[in-house]
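The values are calculated or read from the model by the stated rules, or taken from the named source; none is laboratory data. Note that this is a predicted model, so its numbers are computed, not measured. Virtual Cβ from ideal backbone geometry, glycine too; neighbours counted across all protein chains shown. Just the protein is used for accessible areas: all its heavy atoms, side chains included, with ligands, DNA and RNA removed. Shrake-Rupley method; radii C 1.70, N 1.55, O 1.52, S 1.80 Å.
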Amino acid sequence: MSHPTAPLRAPLEIEFDYTRSLGPVLSQFMAALAERRILGARGADGRVHAPPFEYDPVSAEPPGELVPVGPEGTVVSWSWMPEPLDGQPLAEPFAWALIRLDGADTAMLHAVDAGSAAAMRTGLRVRPRWAERPAGSIRDIVCFEPGDGPPDGSAPGHAGEVTPGMTITPVRLHYMHTASPGESAYLRGLAEGRLLGQRCGVCGQVYVPTRGTCPADGVTMTEEVELPESGTVTTFCVVNVAYPGQRVTPPYVAAAVLLDGADIAFQHLVLGCDASEVRMGMRVRAVWGESGSISHFTPTGEPDALYESYARCM
Ligand SMILES: [Zn+2]
């Protein structure tokens with residue numbers, strides 16, 4: 001069990017798929033990969049870039065016809081990846097390498113499955129290992145592997161689902177969040193069904209959630225204040241947009257709720273009435289959910305608070 005005043009920590013994960021258009025040049029590049037061909041672009045200075053540029057770095061013009069390169073190439077530079085991360089090309093240790101494909105003047109970044117760092121070197125000849133089911137993505141090249149010429153048993157693959165012109169990039173961020181001492185005290189209060197704030201010793205303002213330091217005076221706040229579950233909607237918005245993972249069905253209200261006795265509002269859901277009924281000044285109270293957290297706020301039915309009573313806390 002952790003120390004009762006030690007900062008709380010919890011793993012957090014942010015994950016979404018980023019879908020975007022590839023544009024005319026990279027669409028051709030990816031479509032060719034699905035046919036196990038690699039394309040480059042010849043620039044105004046005669047140099048061949050692979051992958052192809054979208055705009056010539058010399059003339060700023062889009063490329064003309066794309067030219068085939070490789071598929072074999074030479075390692076120009078590399079870095080060993082001893083502990084691959086989830087989502088990287090290979091699960092076993094591999095090299096990230098800049099590979100200059102035959103016929104190209106620039107290098108392209110990809111993974112090399114060399115087995116060990118000792119087998120990697122600048123100047124190493126490599127060839128692509130193609131995916132069994134190409135999909136028109138950079139991952140149609142699983143990785144590169146040491147060797148020259150076509151790999152053994154390199155029968156043509158069977159095209160999978162190719163979405164021309166689009167690519168989906170999965171984005172995932174996994175990290176450990178450490179709450180500040182103030183946040184930790186607030187969260188521990190919630191677990192006990194209490195709403196904790198802090199009062200600044202200089203300006204007397206009460207902040208909830210607690211933040212440890214007064215943002216106006218810069219002084220450490222030490223006086224703990226327990227606040228009631230009731231408050232006032234100072235402002236709000238009606239959420240009409242649906243999104244993946246949404247836990248409440250739109251339309252619903254996200255509001256700034258000023259707890260009685262606090263000098264700053266915090267944001268929460270207002271449920272328990274039609275979204276169209278929520279208004280500035282509406283009196284609400286907390287509805288507790290499982291595991292010591294506020295599920296949402298709901299109208300109390302009291303008369304609305306006067307605008308003057310919360311105007312300075314918007
Ligand atoms: Zn202050």
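For the reader, a short list of remarks on this structure follows.
- Protein-only accessible surface order, largest first, of I168, I138, I294 at 1.4 Å: I168, I138, I294
- You can think of it this way: the chain between E290 and E277 has 2.0 nm of extra reach, that is 0.36 nm per residue less the Cα-Cα gap.
- Stretchable slack from Y175 to R9, in nm (0.36 nm times residue separation minus alpha-carbon distance): 58.7 nm
- Cα convex hull of the stretch 244-284, projected area averaged across orientations, nm²: 3.5 nm²
- Within the stretch 10-172: Cβ-based charge dipole about Cα centre, in debye rounded to nearest 20 (Lys, Arg +1; Asp, Glu -1): 240 debye
- Working note: 222 nm ellipticity from helices only, DSSP H runs with n ≥ 4, each -39,500 (n - 2.57), summed and divided by the residues of the chain, gives -2500 deg cm²/dmol to the nearest 500.
- Nearest-0.05 FRET efficiency for E35 and A117, computed from C-beta distance (R0 41 Å): 0.80
- Inter-part distance where the stretch 182-217 and the stretch 235-280 are each reduced to a Cα centre, Å: 22 Å
- Global form of the stretch 10-172, assessed from the alpha-carbon gyration tensor, a/c cut-off 1.5: rounded
- For the chain, the longest principal axis of the C-alpha atoms and the axis of helix 181-191 are separated by about 70°.
- Probe 1.4 Å, protein heavy atoms only - accessible area per residue of the chain in square angstrom: 56 Å²
- Degrees separating the helix 23-34 axis from the principal Cα axis of the chain, which is the longest one: 60 degrees
- The stretch 179-313 has equivalent-ellipsoid semi-axes of 26, 18, 13 Å, by the square roots of 5 times the alpha carbon gyration tensor eigenvalues, sorted largest first.
- A straight chain from E145 to L90 at 0.36 nm per residue would run longer than the Cα-Cα distance by 18.6 nm.
- For the chain, the Rg and Dmax computed from alpha carbons only, in angstrom: 29.3, 82
- Relative to its residue count, the stretch 244-314 spans a Cα convex hull of 107 Å³ per residue.
- In the stretch 260-314, trypsin sites (Lys or Arg not before Pro) in a DSSP loop with at most 14 other beta-carbon atoms within 10 Å: R279
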